[in-house]
Amino acid sequence: MNIAHHFIKVNGRATRIWLDILLINRLGKCVDWLLIKKTDYLKAMEKSPVNPKPIHSLIKNALTSDIDNRELYLKGIDCSYYYEEVE
């Protein structure tokens with residue numbers, strides 16, 4: 001999704017929201033994005049087109065069944081902006 005999405009600036013946000021919706025619908029889980037450090041996430045995403053294992057591992061370790069927690073979902077969107085900030 002991150003490679004296919006054509007809006008560079010919002011690729012990450014769109015991908016993370018899409019992924020959470022997909023996981024909720026298929027597994028009854030979503031990602032607690034607060035558990036994934038920015039540097040780890042960015043490194044894993046950079047490698048993901050040739051080696052998806054690091055991003056799979058990060059996401060798997062951050063899965064939660066707390067899918068009805070609105071605060072968790074909104075904080076996940078906040079994390080999206082944090083991940084995309086330029087340092």
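In the context of the full set of protein chains, residues of the stretch 15-85 present 67 Å² of accessible surface per residue (probe radius 1.4 Å, heavy atoms only). Taking the three principal axes of the alpha carbon atoms in the chain, the coordinate ranges are 30, 24, 23 Å, sorted in descending order.
A Förster distance of 25 Å, applied to the separation of the beta-carbon atoms of LYS60 and TYR81, puts the FRET efficiency at 0.60.
Dividing the summed helix terms, -39500 (n - 2.57) for each DSSP H run of n ≥ 4, by the number of residues in the chain produces a 222 nm estimate of -18500 deg cm²/dmol to the nearest 500.
The values are calculated or read from the model by the stated rules, or taken from the named source; none is laboratory data. Note that the structure is predicted; figures quoted are calculated from it, not measured. Methodologically, a virtual Cβ is constructed for each residue, glycine included, from the backbone with ideal geometry; neighbour enumeration extends over all protein chains shown. The accessibility values were calculated without ligands, DNA or RNA, using every heavy atom of the protein model including side chains. Shrake-Rupley method; radii C 1.70, N 1.55, O 1.52, S 1.80 Å.
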